[in-house]
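First comes the structure, then the notes that go with it.
Each value in this text was obtained by applying a stated rule to the coordinates, not by laboratory testing. Bear in mind that the values here come from a model prediction, so they are computed numbers and not experimental data. Cβ atoms come from the backbone with ideal geometry, glycine included; neighbour counts cover every protein chain shown.
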Amino acid sequence: MRIGISCYSTFGGSGVVATEVGKALAARGHEIHILSPSLPPRLVGFEDRINFHEVRASPYPLFEDAPYSIALGSKMADVADHYGLDILHAHYAIPHAMAALLARMAIPRLKVVTTLHGTDITVVGSDPSYLPMVRMAIRESDGVTAVSEYLRQETLSTFGVDRAIDVIGNFVEPPGPEHPDCRAWLAPKAAFVLTHISNFRPVKRVLDVLKIFERVRTEVPTRLVMVGDGPDRLEAEAYCRDHGFASEVRFTGKQLDIGTVLNCSDLFLLPSATESFGLAALEAMGHRVPVITSRVGGLPEVVRHGIDGYLEPVGDVAAMAAHAVQLLRDEPLRLRMGSSARERALTTFAEGPIVDQYEALYRRVLVR
Ligand code: GMT
């Protein structure tokens, strides 16, 4: 098949999933065309059968902001026509699904598959300024997937649509042996490393990560590694300074090689306000790292309480810290949970069977 994939190129789960799906499909012999504002971070190195198309919205004195959605729709139509695409797969509804539907109006043989990732439904998609168009995109796409059962239900209830939505989760590959042990660099004097990875947006509740660490550090010698960047980073760094533990927290900024950080992490903290799936948690699990997270959204479909880690109510930093202390003090329990987490990540959320589901969906929509 010839498949166009559109996604954001910023650090974020939807771009990671889109790129990894594209790479896996290319490895199976499909021709892939990725459309994005710039090269997605996971599209490093030359890959056979993967073509990248940069989308640029040309400025014009009349425009306050150049219309990216129209430029994307135009680029999709152009690439579809020129390369004979069969499918356009839009990752994240806004604006990729609407742009794909515009392209389908221009090239009627095209089929559109939309993958809903989370905040495109739960936060920005339900904003009244976008809702009618997101609803239209969900109704009109030839195939729709959601990354968890939770997100499927949220979509049906928020948008009042009555249509089939396939649940296809995020996935991980087994971590390679290339990740060096960077424990000495990340946490020179500490016995343990706690890690958080996100885009530091309010939904991630990064101050809760610090409040958990603040409690844990008084009980067990520990360092905290904060990977990523975003709107709440400055406030987070100020919190560490104001509370006297800045030297124990390392803010690495955005990192491509999260495998190396996870390889030397003892626990992963993800106390989000909501999370449709929690790809970062799954990546930690793949590296044998137990996860302490919120009992919210799709997270209970990924992390099993008391087996791969712990789930507690959003904002309950005391309970999350207590679990962290217990796990750091009880090595056999921590190692057992790490093994269960890895087993679950690499079986239930293994790349092969998940990519099979996308391929099967493409074939289904193509015969309709
Ligand atoms: O808000 C983010 O975390 C980024 C966002 C994205 O689209 O890049 O992530 C969402 O999609 C990921 C991949 O499917 C999911 O694993 C994340 O849980 C989801 N984030 C939220 O729902 C907050």
Quiz item: Which parts of the stretch 58-93 would a label at residue 129 reach, counting a residue when its backbone N lies under 13 Å from a point 7 Å out along Cα-to-Cβ?
Solution: 65
Quiz item: Helix 206-216 sits at what angle to the longest principal axis of the chain, using alpha carbons and giving 0 to 90 degrees rounded to 10?
Solution: 20
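Rounded to the nearest 500, what is the chain's calculated 222 nm mean residue ellipticity when only DSSP H runs of at least 4 contribute -39500 (n - 2.57) each, over all residues?
Value at 222 nm, helices only, nearest 500: -13000 deg cm²/dmol.
FRET efficiency for residue 366 and residue 54, Cβ-Cβ distance as r, R0 = 45 Å, nearest 0.05?
Here the calculated transfer efficiency is 0.95.
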Quiz item: Does anyone have the angle between helix 331-347 and the longest principal axis of the chain? Alpha-carbon axes, 0 to 90°, nearest 10?
Solution: 10
Practice problem: Calculate how steeply helix 317-329 sits against the longest principal axis of the alpha-carbon atoms of the chain, using the helix alpha-carbon long axis, and give the answer as 0 to 90 degrees to the nearest 10. | Solution: 70
Quiz item: With the dipole of the stretch 182-347 worked out from charges on the C-beta (+1 for Lys and Arg, -1 for Asp and Glu) around the Cα centre, which of 311, 253, 234 lies farthest toward the positive end?
Solution: 253
Quiz item: In nanometres, what is the gap between the two model label sites at residue 83 and residue 28, each 7 Å from Cα along Cα-to-Cβ?
Solution: 1.7
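Can you run the Rg to Rh ratio on the stretch 110-184? Use alpha carbon positions and the Kirkwood inverse-distance Rh.
Rounded to two decimals, Rg/Rh equals 1.19.
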Quiz item: How large are Rg and Dmax for the chain when only the alpha carbon atoms are used, in Å?
Solution: 21.0, 65
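Apply the a/c threshold of 1.5 to the C-alpha gyration tensor of the stretch 182-347 and tell me whether it is rounded, prolate or oblate. Numbers along the way, then the final one.
On the way: a/c = 1.35, a/b = 1.19, b/c = 1.14.
Verdict is rounded for the stretch 182-347.
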Quiz item: residue 254: which lysines have alpha carbons under 26 Å from its alpha carbon, excluding same-chain residues fewer than 8 sequence positions away?
Solution: 23, 189, 204, 211
Quiz prompt | Segments 102-112, 81-91, 335-345 sorted - mean Cβ within 10 Å per residue, highest first | solution = 81-91, 335-345, 102-112
Quiz prompt | Cα centroid of the stretch 162-237 to Cα centroid of the stretch 48-117, whole Å | solution = 33
Quiz item: If you place +1 on the Cβ of every Lys and Arg and -1 on the Cβ of every Asp and Glu, how big does the dipole about the Cα centre of the stretch 182-347 come out, in debye to the nearest 20?
Solution: 260
Quiz item: In the stretch 71-229, what % of DSSP beta bridges are antiparallel (nearest 5)?
Solution: 0
Quiz item: So what's the gap between the Cα centers of the stretch 287-304 and the stretch 1-45, to the nearest angstrom?
Solution: 26
